[in-house]
Amino acid sequence: MLLIYIDDILITWSSPSKIRSFIAHLSAAFHMKDLGDVHFFLELQITCNKSTITFTQTCYLLSMLQKFGLAGAKPVFTPMAFGMSLTANKGALLSDPSYYRCLVGSLQYLTLTHPDISYAVHNICQFMQHPHDTHLIAVKCIFRYLKGTLNIGLNFVKTPHIALRGFCDVD
């Protein structure tokens, strides 16, 4: 797999010799530098060992908590309060929605390694045009949840067999 972002390239393959060969081929055409094993890429922390690859965004999340003044917030156990219903007209309209939009944008990026917040983030994204104070409370609740799950990320286990399982809850 080849991942390119502006001037950063991430190459992964099942064979280290194929990676070296591919890098040598690219180096013949382009000036480039091999920085070795990946540890950080686009705010993702990547940890590899023989059996697993783990993606986290702990540093990014900590910097966002600090940036938005939420570093001292108390963690909660769920990204949305049970039974919370967000509507377009409940609460006071925010005078400057740019803070809300920055918070939500950061949360959208955090869904890369925290799929558990996807539903809550989808809900708050619906109110980007005219956010109210109730929506801001919901956004801060998601950040409080993330603060309690700082080191959780995506963990991929290397297996010789891939088993695809699907579940459906339909009456």
- Distance between modelled label sites at Ile46 and Met84, nm, 7 Å Cα→Cβ extension: 3.3
- Item | Hull shadow area, averaged, the chain [alpha-carbon convex hull, nm²] | 14.4
- Query: Among the aspartates and glutamates, which have Cα under 20 Å from the Cα of Lys18 when same-chain residues fewer than 8 positions away are ignored?
  - Reply: Asp8, Asp34, Asp37
- Query: If you put +1 on each Lys and Arg Cβ and -1 on each Asp and Glu Cβ, how big is the dipole of the chain around its Cα centre, in Debye rounded to 20?
  - Reply: 300
- Task: For segment 58-147, calculate the relative contact order in percent as a whole number, restricting contacts to Cα pairs under 8 Å that are 6 or more residues apart.
- Result: 50
- Relative contact order (percent, whole number), the chain, Cα cutoff 8 Å, 6+ residue spacing: 27
- Query: Tell me, what is the FRET efficiency for Ile137 and Trp13 to the nearest 0.05, using R0 = 45 angstrom and their Cβ-Cβ distance as r?
  - Reply: 0.45
- Taking only DSSP H segments of four or more residues, each worth -39500 (n - 2.57), what value at 222 nm results for the chain once the sum is divided by all its residues, to the nearest 500 deg cm²/dmol? -11000 deg cm²/dmol
- Task: Counting residues in segment 80-171 as N, plug N into 2.2 N^0.38 Å and put the Cα Rg over that result.
- Result: 1.34
- Message: Can you tell me which lysines have their Cα less than 26 Å from the Cα of Lys140? Leave out same-chain residues fewer than eight positions away.
- Response: Lys67, Lys74, Lys90
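Bear in mind that the values in this text are calculations on the coordinates, not laboratory data. All figures in this text were calculated on a predicted structure; none of them were measured in a lab. Cβ: placed from backbone, ideal geometry, glycine included. Neighbour counts: every protein chain shown.
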